[in-house]
Structures are given as structure tokens and as C-alpha cells.
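The next block holds one structure in the form of C-alpha cells; read it before the comments.
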Amino acid sequence: MKIETLATRPFQDQRPGTSGLRKKVSVFQQAGYLENFVQSIFDVCPDLAGGTLVVGGDGRYYNREAIQVILRMAAANGVLRVLVGRDGLLSTPAASCLIRKYKTNGGILLSASHNPGGPDGDFGIKYNVASGGPAPEGVTDALYRRTLEIDRYRTLAVPDLDLEQIGSVPLGAMSVEVVDPVRDYADLMEHLFDFKTIHELFNSGLFSMRFDGMHAITGPYAEEILVRRLGAPHDFLLNCRPRPDFGGGHPDPNLVHAHEIVAMTKGAHPVSFAAASDGDGDRAMILGRNMFVTPSDSLAIMAANAHHIKGYHRGVVGVARSMPTSQAVDRVAEALGIECYETPTGWKFFGNLLDAGKITLCGEESFGSGSDHVREKDGLWAVLFWLNLLAMKQQSVLQIVTEHWRRFGRNFYTRHDYEGVDAQAAEGLVAHLRGLLPGLPGRTLGAYPVAYTDDFAYQDPVDGSRSERQGLRIGFSDGSRIVFRLSGTGTVGATLRVYLEAYEPDPTKHFLDTQEVMGPLLAIARELAQIEARTGRTAPDVIT
């Protein structure tokens, strides 16, 4: 088969964000757009030539077509072997699992995570390195620079491959191995968790649950693990058939978009436990009977109870959280006498810490948590961790959370998202805040004395790299915080995120309403940032 070298022209908008390149499907469908980005990966990662690559995606619209483009280009660029999930499907954590287990040179993952899918929805692509984690900033910066100068790409002029049957097929000099997308990941989960104890919980007659796959990638994984291996009845699963448009829904496991299972944890006959995972399977929302567990609390509770879990019975060597995530896990780390690292948002920042053996668990407030078992956040892993914990402790979610708060205190926490804000207005808001910060320490805002302000910067303790302008922080003397940050995961305009946190050690106040507790801090945040005047928004689109 003859390799074709085709002329192309650069696109100016291919800078990867915190989780790769995300754009509307129609943008990726432009002639040369996907090809330019993929060729840039091969150009800046020469070790892929003669190596092995993992390829797969979350099954959203355009996944099938993009997989075929990538396979032809991989063969043309000298890759010798590709592992691809059957039908081109792989959850993000499962792809990381394959990269690590089979010691491949890297992986190309297709997903826009929790963003909507369909012909009018979003698409995304990112490169993961040999550790299984997202490419670090040095690689993504080089990748972006290459996209600005690229003038050709390589491919093969061959028909699409059949990816429905497991087995090996040749593509030029390259071997394409179609693999079961679930098996290796499910085997890893069975190694980490006590499946026998969870099975006994499911068969006790005293436990009920619902897992919402949100018509996304985790459906087949949940069916294999929860039903086939753990013996759960099928009615424990909801929306577990993946669809290219996620059934017309928004595959973001939060209180707004996963309202169906939230309702199932309330009322006269609530289920004992509920969870939802997102588009590519790397996030999870955890719920108990009349109890929403914030992702920040979930991370802290897992860290405090890891010794109960088979794969973590020796405890944890350290923990890490993204800067906007609440400081709940910091208190656990202090009690355990272990290090707690604060990183920028983006899972790639945890990679060096995990590879260096400095941490065991890590997480972000955006419903993502994980451990050293892979190098991505992992939604179904978090669900299994909680199920194992419930089975071992023989307690409800409410009891476990209440017990944790009683020991460590409660970090009240909420995030207000203003989505699709005009990008120029959002940048102006941030610039305005950045100018205010130096004059705030020593002042009192409302009833809150300001202890410090900064624009968060991170010095990586492993490789010494520095990441600046990662979010604006206002810290108060009582431990409360306001954080402002523009998110890098959207495809239209900008998403302004306002994070509010207040610590409460008094158990008699632990069940106050979160939004009422945050009312004074929210008023300060809105006034300081001039949110309504600068964005025209009188209320956030999503509150979690």
C-alpha cells in the first residue's frame, strides 16, 4: 500500500485545553482539521514510529469516522501495532489501563468527556503518553506549535476496516488488534476491590441501587462488572446503552443533568445508593438516601477509609487535589501524617506525582477521582470504591458521611457555573479581578477578614515545571475561600466558574443548607467580580 503525503494548511485554533482539543463536530469535519492535529501528534512524538498505540473513544457522533482516519494515518507514519477497542470504543480510564498493561508508547483518545454529543454537539481528541496519562504541558505546547506550521500529512488510501470482530487485521505494515474494550479494565477492578463482599451486599435483600450510564460509554462496563461479575439485577442499571448523541441528554453527572437518579434517592421509597458516570467514563456522582456526596467530600472519605479496601489495605502514601477542590482531604492528610499536594485543574498535573510514587489517591471537584491504578480519573472505580466501603462498614452513605464530618469537620462547598459567557466579557471580568486582588488582604469583606489573595501558580515538585495563572483565590481568616476560574472544557464562549468554601467544625451545624451557608460568600463574589454587569447573567446555569 502506497503512503500518500497530502498538502494541508494550518488552523489557528488547535491549542489543546486541560483535556485535549475540543470543538464542535462541524469543526472537526472540516477538510484536514482532524488530520492536521493527528499528524502533529506523530510529528512531535517520534517514538510512535515503530511502536504500539492505543486508540479508542467514547462512541459519540463522529467517533467511528475519526477512528478510521487515525488508523490510516498511524500506518502511514510507521506505527507497527495498534490496539483499538471493538467498534472503536474505549472509556478513558480503560484506555489508560490498556496503555499501562501492554506497555504501549501512548494512546489517542477521542472524547469531549461530559460535553453534549450528536451532529450539533462536541467532539474531542487528546494524546496520552506511555504512563497512561494525558500528555504534559511540554508535549501539548509542542503539539500546538506544530499545528501552526504544518503543511502536509501522511495517510493510506484504503477502505475502512471492520472493527466489529475481535482479532488482528493488517493495515499496510501495521497490525490492528481489535480488543474487548471492557475485559482488561474489569479484571483490574476485580483485583482492586473485594467482589465477594459487594456481591453479598447486592444479595442481602436490604440494599438497592441505580447506576445511570447516561447513554454513554460506561454502560457496557457497568453491565459486565455490576451485573455479570457482581450479580446485580439488571434493574440496577439505567441508560446503559451507549448512543452517539447520548440519548439527547447532557452526559455530565451532576445534580442538574442526572436529576433522574437524584429523585430516586428521595421520597417514600428511596434507593440505598445511586451513581452516574459521564460521557467518557472518567467522572462519577455519588448519592445516598437523601444524601449528595460532593466530589470533594468523596475524595476525603476515600482517603480516610482506603485501608478498608483490598487494593489499598496498606493505606495511602499521599494525596493530591486540584486547587478549586475543597480542603476536606487536606484535613485527612494531616490526620494521617501524609503529604497533600495542591495542583492546577487538569488530570495531567497528577501524573508526575503518581509516577514518582508521591500519592496514591487524587481528585477534582468536577466529579473526578482516581488512584495509582491508572493515570486518568475513573468514574466506575469511584462507584466500586463506595460500594466496597458500604459493604465492608455495613453502614449507609449518610452514616459514613456523618461519621466523617464528626471526625474532621465539614467543608461546605459549592460551585456556580456561568456557561457560554462571551469570551471577551469573561476575560475582562478576570482582568478586573486580577487588578483588585493585591489591595484586598487586610480588608474585611462583609464579615470576612481577607487573609490572602493570589493568582494560583504551581511548581511541579517532580520536574520543576511551573504553571501560572491557574485561578484567582481569595482566602479568609476563618478558612473560607472564593475561587474564580475560566474553564477550558467548553467549546462555545467561556465558562466562568465560581467556587465557594466554608469550614464548619460544629456537628450541630453540619446539616445546614449549603446554599444558605454560602449566601454571604456568594454576595461578596458577585459584587467583587461584577458578574451581572459584565456578563449579563443574573444566575448561574448549573449549581453543584
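The values are calculated or read from the model by the stated rules, or taken from the named source; none is laboratory data. Computed from a predicted model, the values in this text were never measured in an experiment. Reconstructed Cβ throughout: ideal geometry from the backbone, glycine too, with neighbour counts over all protein chains shown. Heavy atoms of the whole protein, side chains included, go into the accessibility calculation; ligands, DNA and RNA do not. Shrake-Rupley method; radii C 1.70, N 1.55, O 1.52, S 1.80 Å.
Residues that are closer than 24 Å to Tyr221 by Cβ and β-branched (Val, Ile, Thr): does segment 158-177 have at least one?
Within segment 158-177, one or more residues are closer than 24 Å to Tyr221 by Cβ and β-branched (Val, Ile, Thr).
Does segment 250-280 hold any residues that are over 17 Å from the mean Cα position of the chain (by Cα), assigned to a loop (DSSP other than H, G, I, E, B) and either of a type in the set (A, V, I, L, M, F, W, C) or crowded, with 20+ Cβ neighbours inside 10 Å (or both), and which are they?
Val256, Thr265, Ala268, Val271
Do you know which residues across segment 117-132 are surrounded by fewer than 24 Cβ atoms within 10 Å (Cβ to Cβ) and touching an Asp or Glu at 6+ places or on another chain (Cβ under 6 Å)?
Those that are surrounded by fewer than 24 Cβ atoms within 10 Å (Cβ to Cβ) and touching an Asp or Glu at 6+ places or on another chain (Cβ under 6 Å): Gly118, Ser131.
Restricting the search to segment 201-227, which residues are open to solvent by 10 Å² or more (accessible area, probe 1.4 Å) and on the phi < 0 side of the Ramachandran plot?
Leu201, Phe202, Asn203, Ser204, Leu206, Phe207, Ser208, Arg210, Pro220, Glu223, Glu224, Val227
Looking at Leu486, Leu433 in this structure, which one is of a type outside the set (Lys, Arg) and modelled with pLDDT of 95 or more?
One residue alone meets the criteria, Leu433.
Among the residues of segment 56-71, are any part of a helix (DSSP H, G or I), of a type in the set (Val, Ile, Thr) and over 24 Å from the mean Cα position of the chain (by Cα)?
yes
So which residues in segment 391-406 are open to solvent by less than 10 Å² (accessible area, probe 1.4 Å) and in contact with a Leu (Cβ under 8 Å, 6 or more places away or on another chain), if there are any at all?
Ala391, Val397, Ile400
Please count how many residues of segment 310-362 are under 27 Å from Ala135 (Cα atoms) and touching a His at 6+ places or on another chain (Cβ under 7 Å).
1
Inside segment 287-390, counting only helices (runs of 4 or more DSSP H) that do not spill past its ends, which hold 1 or more residues that are touching a Cys at 6+ places or on another chain (Cβ under 9 Å) and surrounded by fewer than 22 Cβ atoms within 10 Å (Cβ to Cβ)?
The qualifying helices (runs of 4 or more DSSP H) are 328-336.
Please work out if Pro244 is modelled with pLDDT of 95 or more, buried (at least 17 other Cβ atoms within 10 Å of the Cβ) and either part of a loop (DSSP other than H, G, I, E, B) or among the β-branched types (Val, Ile, Thr) (or both).
For Pro244, the condition - modelled with pLDDT of 95 or more, buried (at least 17 other Cβ atoms within 10 Å of the Cβ) and either part of a loop (DSSP other than H, G, I, E, B) or among the β-branched types (Val, Ile, Thr) (or both) - is met.
What do you reckon, is Leu384 modelled with pLDDT of 95 or more and under 23 Å from the mean Cα position of the chain (by Cα)?
Yes.
Among the residues of segment 133-147, is any more than 23 Å from Gly78 (Cα to Cα), open to solvent by less than 10 Å² (accessible area, probe 1.4 Å) and modelled with pLDDT of 95 or more?
Checked segment 133-147: no residue is more than 23 Å from Gly78 (Cα to Cα), open to solvent by less than 10 Å² (accessible area, probe 1.4 Å) and modelled with pLDDT of 95 or more.
So if I check each of Arg15, Arg22, which one is part of a strand (DSSP E or B), of a type in the set (Lys, Arg) and touching a Phe, Trp or Tyr at 6+ places or on another chain (Cβ under 8 Å)?
None of the others qualify; the one that does is Arg22.
For Gly337, state whether it is of a type outside the set (S, T, N, Q) and either at pLDDT 95 or above or over 13 Å from the mean Cα position of the chain (by Cα) (or both).
Spelling it out, Gly337 is indeed of a type outside the set (S, T, N, Q) and either at pLDDT 95 or above or over 13 Å from the mean Cα position of the chain (by Cα) (or both).
Which residues, taken from segment 387-399, are closer than 17 Å to His307 by Cα and within 24 Å of the chain's Cα centre (by Cα)?
Leu387, Asn388, Leu389, Leu390 - these are the residues of segment 387-399 that are closer than 17 Å to His307 by Cα and within 24 Å of the chain's Cα centre (by Cα).
Six or more apart or on different chains, Cβ under 6 Å: which pairs go from a residue in segment 8-32 that's charged (D, E, K, R) to one that's open to solvent by 20 Å² or more (accessible area, probe 1.4 Å) and not in a strand (DSSP E or B)? Could you list them?
Filtered contacts from segment 8-32: Arg15/Tyr144; Arg22/Thr491; Lys23/Thr491; Lys24/Thr491.
Using beta carbons and a limit of 7 Å, which pairs, at least six apart or on different chains, have the first residue in segment 85-109 and surrounded by fewer than 21 Cβ atoms within 10 Å (Cβ to Cβ) and the second one of a type outside the set (A, V, I, L, M) and assigned to a helix (DSSP H, G or I)?
Qualifying pairs under 7 Å: Lys101/Asp184; Asn105/Asp47.
Among the hydrophobic types (A, V, I, L, M, F, W, C), in contact (Cβ under 8 Å) with a residue 60 or more places away in the chain, within 17 Å of Trp381 (Cα to Cα) and surrounded by 20 or more Cβ atoms within 10 Å (Cβ to Cβ) - does that describe any residue in segment 167-187?
Yes, there is a match, as at least one residue in segment 167-187 is among the hydrophobic types (A, V, I, L, M, F, W, C), in contact (Cβ under 8 Å) with a residue 60 or more places away in the chain, within 17 Å of Trp381 (Cα to Cα) and surrounded by 20 or more Cβ atoms within 10 Å (Cβ to Cβ).
Only one residue in Asp120, Asp141 is over 23 Å from Met1 (Cβ atoms) and without any contact (Cβ under 8 Å) to a residue 12 or more places away in the chain, so which one is that?
Asp141
Quick test of your reading of the structure: Arg407 fulfils all but one of (1) among the charged types (D, E, K, R); (2) more than 15 Å from Leu299 (Cβ to Cβ); (3) assigned to a strand (DSSP E or B). Name the failing condition by number.
Status for Arg407: all satisfied but (3).
Looking at segment 447-462, I want the residues that are farther than 30 Å from Asp355 by Cβ and small (Gly, Ala, Ser) and have a partner that is assigned to a strand (DSSP E or B) and open to solvent by less than 40 Å² (accessible area, probe 1.4 Å) with Cβ atoms under 8 Å, at least 6 apart or on another chain. Which pairs are those?
Ala451/Gly475; Ala451/Phe476
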